[in-house]
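Take a look at the structure set out below.
Please treat every number below as a calculation from the coordinates, not as lab data. Predicted, not measured: the structure shown is a model, and the values here were computed from it. All Cβ positions, even for glycine, are placed from backbone atoms using ideal geometry, and neighbour counts span all protein chains on display.
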């Protein structure tokens with residue numbers, strides 16, 4: 001039995017440290033899901049006594065929509081601030097709409113949605129930096145496009161060609 005656990009640990013280590021491009025996406029999705037699940041479980045589950053099944057479903061919805069819309073599309077166009085605002089609005093709307101339609105508990109839905117969105121958005125600021133470095137590499141493209149090759153810069157010295165008015169001057 002111990003031997004099987006060793007192989008599983010080795011497989012997980014290879015998958016986690018492997019450097020495979022598709023594995024970077026899987027790691028990012030897992031990080032986002034765990035972050036969303038933890039925040040929603042504390043706020044909705046512990047504070048407002050919402051069932052764990054609802055928290056899990058909301059976490060899956062927020063992870064899927066947030067990763068595709070916020071992290072892969074909006075982050076490329078509007079950088080960290082735009083994606084963080086979009087994630088705040090997405091989490092707020094998802095928690096609010098889901099809570100109104102599927103959770104039949106008596107709790108302040110707007111406050112729960114706002115608090116969840118705020119805390120997840122703070123985490124998203126750091127998560128977007130991770131996405132920038134490991135998946136979309138925005139900084140590299142911007143640097144390469146805007147960087148001047150300093151070694152090829154030269155100063156040009158010369159004289160102006162004389163104009164007809166200059167010939168008349170002594």
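If contacts are Cα pairs under 8 angstrom and at least 6 residues apart, what is the relative contact order of segment 21-136 in percent? All intermediate terms of the calculation are to be shown ahead of the outcome.
Numbers: 103 pairs, mean separation 37.6, N = 116.
Here the relative contact order equals 32 percent.
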Cβ crowding within 10 Å averaged over residues, with 26-38, 62-74 ranked highest first:
62-74, 26-38
Which value, in Å³ per residue, describes the convex hull spanned by the Cα atoms of segment 21-136?
82
